[in-house]
Amino acid sequence: CFNILISSCNNSVSSLNLIYWYNTLYKQCVNNRYIVDLLNIEKNLTFISSLSSLITCLIISDWIGIFCTNKFKSVKKIIIAIDGLSSTGKSTLAKRLAKHLNYTYVDSGAMYRAVALYVLEKKLINGGELNTPKMIIELPNISIAFEHNMDINSFDVYLNDVKVSKAIRSMEVSNAVSIVAAIPQVRQQLVRLQQQMGAQKGIVMDGRDIGTVVFPNAELKLFMTASANIRAKRRYDELSTNSSSPSLQEVLDNINLRDELDSTRKDSPLLKSNDAIEFDNSQLSQEQQFEKIMELVNSCLQL
Ligand code: DC
């Protein structure tokens with residue numbers, strides 16, 4: 001019975017066949033016994049009752065099979081890759097999608113920022129000039145980890161076991177990160193880590209090369225854009241909650257410079273993948289964006 005239960009969970013139709021087969025067998029046996037052992041009512045009753053228990057068990061297992069099949073259908077997991085220009089609200093959207101879908105959220109930009117912070121701390125960047133050979137030697141000494149923080153419902157970023165979630169958002173890091181992110185050895189290491197994180201699917205990752213390099217087979221690829229002025233204002237509002245906030249002009253200059261560096265670097269430049277859906281959110285509220293993207297997510301999940 002146990003074996004049949006398992007096999008019917010895999011294929012509910014098979015148990016229907018088995019019921020038919022046992023039914024036929026049952027009729028034949030009872031008929032034969034009726035002929036040869038007409039008077040042994042007790043034996044016949046035992047046989048009939050054990051067969052009916054078996055059939056009941058098969059019917060129940062059949063329902064379990066159908067239930068399991070439906071259950072598996074509803075837990076299909078996909079990869080959602082969100083790429084786009086700086087400060088287009090990728091991470092806000094990605095976080096919300098991940099929470100709603102119960103997926104893992106990975107901010108790949110935070111990983112490049114953590115490497116940039118390490119480089120700054122080791123004074124390997126001076127006047128915008130990176131000491132690339134030294135940085136490559138230092139790469140094995142860099143460890144990056146994410147830890148879920150229940151209080152802010154987001155992930156804290158750790159660089160060599162030190163929490164750097166705030167430090168990686170400074171203007172100093174923003175000014176250095178695109179230079180560091182252009183180094184192929186840095187990218188290889190981080191891309192490998194990112195691919196490991198998404199191996200089980202059920203992940204929303206945002207960045208610049210997620211749909212093109214990290215997960216070229218992602219089920220849903222989005223490419224976010226918005227005007228530079230709107231992006232600068234959004235980032236400025238976000239940063240002005242910190243004590244050492246830069247001016248709006250400084251933020252705009254940084255955004256324009258990063259767009260330029262990220263789009264023109266040789267290794268994995270910021271590009272819209274052919275199968276990515278372009279999404280200009282200049283005039284959309286966060287709520288409107290979420291609703292529109294959820295429509296796309298739902299159609300992917302139903303495929
Ligand atoms: O998303 P963000 O602005 O925090 O990213 C910081 C920088 O990291 C960005 O200027 C480019 C780089 N980056 C990248 O090259 N590839 C990624 N997948 C993510 C970020």
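Any of Lys134/Lys266; Lys233/Lys292; Lys134/Lys201; Lys122/Lys201; Lys123/Lys201; Lys134/Lys233 with alpha carbons more than 30 Å apart? Name them for me. Write down the numbers at each step before the final one.
On the way: Lys134/Lys266 21 Å; Lys233/Lys292 23 Å; Lys134/Lys201 35 Å; Lys122/Lys201 36 Å; Lys123/Lys201 38 Å; Lys134/Lys233 36 Å.
Exceeds cut-off: Lys134/Lys201; Lys122/Lys201; Lys123/Lys201; Lys134/Lys233.
Determine, for Met135, Met294, the number of other Cβ atoms within 10 Å of each Cβ, and report the residues in order from fewest to most.
Ordered from fewest to most neighbouring Cβ atoms within 10 Å, Met135, Met294 come out as Met294, Met135.
Order 98-111, 160-173 from most to least packed using the mean count of other Cβ atoms within 10 Å.
98-111, 160-173
With a 10 Å radius around each residue's Cβ, average the other Cβ atoms per peptide and rank 296-302, 85-91, 213-219, highest first.
Highest mean packing first, the order is 85-91, 213-219, 296-302.
Bear in mind these aren't lab numbers, they're just calculated from the coordinates by the rules spelled out. Quick caveat, the model's predicted, so the values are computed rather than measured. All Cβ positions, glycine included, derive from the backbone under ideal geometry; neighbour counts span all protein chains shown.
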